[in-house]
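A short worksheet on the structure shown next.
The values are calculated or read from the model by the stated rules, or taken from the named source; none is laboratory data. All values reported here derive from a predicted model rather than from experimental measurement. Every residue, glycine as well, gets a Cβ built from its backbone with ideal geometry; the counts of neighbours run over all protein chains shown.
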Amino acid sequence: MHKESDGRPRILLVDDDPDLLEMFREILGQLPSRPHVHTATSGARALALLETGGFQVLICDLMMPKMDGLQTLSIVRRKYPQLRTVVLTSVVDGEFRSRGYALGVDLFCQKPASEEEIRLFLECLESLLGRETQAGFRGVQSKSLLDIIQLECQSQSSLVLRITNGKLTGKIWIHEGEIIDAQTDDQRGKAGFQQILSWRAGHFETLPDEPSRPRAITQPYNGLLLESAQALDESRAQPEGQDSAAPTGSAPAGVLEIEGIEFVLAVKQGETGPRVARGLEDPKRMQSWAQMSMSGFRSLGERLRAGPLEQIEALGPQRHVALADQGDLELCVGLKPLMGVGQVRNVMKKVLELWAC
């Protein structure tokens, strides 16, 4: 895609509310890439502006008169297949999100209402601007297939994902937020699921739910995703001809199957990279935050003479995070946001027990 003559990217922002357009123009001005932000108050006007060329990202509202957001995105996907597209909406509806992804939307975001949500939105968008040639699954190039599946499970969706990778095809059945089956040409169940995850690129689409599908996968989705991600990482890192035993960087058996865990990070004190990182898109960033938090609370404990630091629990609306020491490792564990403090502590007790074995 072309950029302005000064090298800065161009973004087209579409919303029928002029006040929101101006507000989000100012928000987008905070992006490190300092993009040129153009605006349109209708789908028709947006299509006319796109004819001039040079845009990298289209950010579109859903609920607009005459030509709504999904109609606009459908036309854009056919005419400009390489253009990155983002839905920015106040509509909270899993069906709209699934339809958007089926149209090839790269990001589907709710309009941010807090400083933290704005920060996360800007980080996602800046990441998207930096991915002009990345391979991936059409629909969410900035995310892996694992991320797409996790989004559907967290939304308690009931649907079938059909994945195509060249001549290979596979299906994943999700019912009420749990993965119940997967199938490729020669594998079914957990083996089929892991085979599909090994595909590095392709296309996916959502199909209607099949509630009568027999359940072949009984493991909770979060444990299945973490375990599959670990197996995939290890297989890709395995030198040809080497024994397939798990490397020292693997999480202990059973940790990834504990209900409620969304990611696991383990860092050895004094090392720059994580020993274990499962379920994280950006482990280095989480590692930096975890080490800074642990160091800060240790210093506070020393000043207050409160004794050694045992554990930190940070509860948030999107995810809970717990930090603890285990020998010479610092552990950082992400957990589902609906869990209470007592549940978080019980999960961490199980994690620490398994890690100590």
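Computed quantities for the displayed model
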read-out: Residues (of a type in the set (A, V, I, L, M) and either at pLDDT 80 or above or more than 14 Å from Trp199 (Cα to Cα) (or both)) located in the range 110-153; value: Ala113, Ile118, Leu120, Leu122, Leu125, Leu128, Leu129, Val140, Ile149, Leu151
read-out: Lone unmet requirement of (1) surrounded by fewer than 18 Cβ atoms within 10 Å (Cβ to Cβ); (2) out of contact with any strand residue (DSSP E or B) (no Cβ under 8 Å at 6 or more places or on another chain) for Arg25; value: (2)
read-out: Complete set of residues in the range 166-221 that are among the charged types (D, E, K, R) and not in a loop (DSSP other than H, G, I, E, B); value: Lys171, Glu178, Asp181, Arg188, Lys190, Glu205
read-out: Residues located in the range 157-167, provided they are within 12 Å of Gln195 (Cβ to Cβ) and either touching a residue at least 40 places away in the same chain (Cβ under 8 Å) or loosely packed, with under 15 Cβ neighbours inside 10 Å (or both); value: Ile163
read-out: The one condition in (1) under 22 Å from Lys350 (Cβ atoms); (2) exposed (fewer than 14 other Cβ atoms within 10 Å of the Cβ); (3) modelled with pLDDT under 85 that Ala245 fails to fulfil; value: (1)
read-out: Residue ID - nearest to Glu152 (Cα to Cα), chosen from residues in the range 55-99 that are among the aromatic types (Phe, Trp, Tyr) and either surrounded by fewer than 18 Cβ atoms within 10 Å (Cβ to Cβ) or not assigned by TED's automatic domain parsing to the domain that holds Arg25 (or both); value: Phe96
read-out: Count of the range 257-279 residues which are buried (at least 22 other Cβ atoms within 10 Å of the Cβ) and of a type in the set (Ser, Thr, Tyr); value: 0
read-out: Hey, Thr52 at pLDDT below 90 and among the polar types (S, T, N, Q) or not; value: yes
read-out: Selection from the range 175-194 of residues that are touching a residue at least 40 places away in the same chain (Cβ under 8 Å) and surrounded by 20 or more Cβ atoms within 10 Å (Cβ to Cβ); value: Ile179
read-out: Filter result (without any contact (Cβ under 8 Å) to a residue 60 or more places away in the chain and farther than 16 Å from Cys153 by Cβ) within the range 195-206; value: Gln195, Ser198, Trp199
read-out: Single residue of Leu256, Leu280, Leu352, Leu300 found to be outside any helix (DSSP H, G or I), of a type outside the set (S, T, N, Q) and free of Cβ contacts under 8 Å to residues at least 60 places away in the same chain; value: Leu280
read-out: Residues being hydrophobic (A, V, I, L, M, F, W, C) and part of a helix (DSSP H, G or I) - total across the range 319-349; value: 4
